[in-house]
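These notes are about the structure you will find just below.
Taken together, the values in this text are just the output of simple stated rules run on the coordinates, not laboratory data. Just so it is clear, the structure is predicted and the values come from calculations on it, not from any experiment. When we count neighbours, we look across all protein chains shown, and the Cβ atoms used for this are built from the backbone with ideal geometry, even at glycine.
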Amino acid sequence: MEFSARGTIIYSVAPILVLLLLGSMVAAQNAKTSDYLRNIELCNGSDRTSIELQINACTALIDTSHVTKAALAIAHNNRGNAYIAKADYDRAIKDFDQSIKVNPTFPKPFNNRGVAYLRKAEYDLAIKSLDEAIKLDPEYGGAFANRAGAYVKKNEYDRAARDYDEAIRLNPNFGAAWSGRCWTRAILGLLQAALEDCNKALEAGAPSAATYDSRGLIRLKMGQLDVAIDDYDSALRSDPKLASALYGRGLAKLKKGDKAGSDTDISAAKTVQAKIGDQFARYGLPER
């Protein structure tokens, strides 16, 4: 999905172990202790190989009659994250709603519900939920980055840049935020600052297709065609169907006089995303 390529979505699994053990001794005594502890570990996401195991474990904990409210909120939050991983966003939102109902001061389900709405392309609802996460925790860098991503999807690039600023201030090593701000600044025409952001993202360990794609756009706008093509090549090695990288490389080839190569890339880009040309026209890069 275009958003996940452009601004990394950050959702939060909360540790449930201590809360459950301290608050649910009756349940622990009445259940098989080893199974009970295993469910806690799995609901925490300890077994990354199976989403279903996490869902089943969180469900078992949710159905435990003596679980504390705090632990119940965490179990719903973590199960919601598992549903996001399955792309079952409606079920995820129901779990996040339940987590918030049980513990309205818990910021993570507000953030994660925002992520689910982002994946559903319901950007206003995403922003509203992320606003609440930030209100509860003004130092929640992931929530700022996610809200920035929502503003990018709404073409509100100035607001997105401000949120990326805050995410970076809170965590200077947040590679995804550097990458997201790079893209945003590139669209705004702040090319040198954008280039510095992309380089910082790569230094911070974010060598993603999105970062190389963003740097390719910057270099294309700067007229640095050969290095733009190199960056687009790097992006496409990671994500061969990234429409913006295909289209951008096609434009760079066209400017170099390689019409055959350009036509191939642009056609491939439009197969993935039919209106990609309109998007680049908004960036000041029309096809012809």
Legend entry - q = 0.16 Å⁻¹: log10 I(q)/I(0) that the Debye formula gives for segment 140-229, counting C-alpha atoms only: -0.54
Legend entry - Given charges at beta-carbon only (K, R positive; D, E negative), |dipole| of segment 215-286 in Debye: 180 debye
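Taking a quarter of the surface of the convex hull around the Cα atoms of the chain, what do you get in nm²?
With the hull built on Cα positions only, its mean projection is 15.2 nm².
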Inset, instruction - Please get the size of the charge dipole for the chain, origin at its Cα centre, with Cβ charges of +1 on Lys and Arg and -1 on Asp and Glu, quoted in debye to the nearest 20. - result: 420 debye
Legend entry - Sequence ranges 267-275, 194-202, 166-174, 105-113, ranked by mean other-Cβ count within 10 angstrom, highest first: 105-113, 194-202, 166-174, 267-275
Legend entry - Estimated 222 nm signal from helices in the chain, with DSSP H stretches of n ≥ 4 weighted -39500 (n - 2.57), rounded to 500: -23000 deg cm²/dmol
Legend entry - For segment 116-169, the fraction of alpha-carbon pairs in successive 5 Å shells from zero, as %: 5, 25, 33, 25, 11, 1
Inset, instruction - Would you look at the GNM of the chain, springs on alpha carbons closer than 10 Å, and say which of S234, S262, S65 moves the most? - result: S65
Legend entry - Signed unit charges on C-beta, dipole axis of segment 31-143, positive-most listed residue Y83, P107, A126: Y83
Inset, instruction - Would you mind checking the tilt of helix 191-203 against the longest principal axis of the Cα atoms of the chain, expressed as 0 to 90 degrees and rounded to 10? - result: 50 degrees
Legend entry - Computed magnitude of the charge dipole of segment 91-178 (debye, nearest 20; Cβ of K, R +1, Cβ of D, E -1): 340 debye
Legend entry - Per-residue HN-Hα couplings for segment 225-232 [Karplus 6.51, -1.76, 1.60; θ = phi - 60°; Hz; x = Gly/Pro]: 5, 5, 6, 4, 4, 4, 5, 5
Inset, instruction - Please work out the Kirkwood hydrodynamic radius for segment 219-288, using every pair of different C-alpha atoms, and report it in angstroms with one decimal place. - result: 11.6 Å
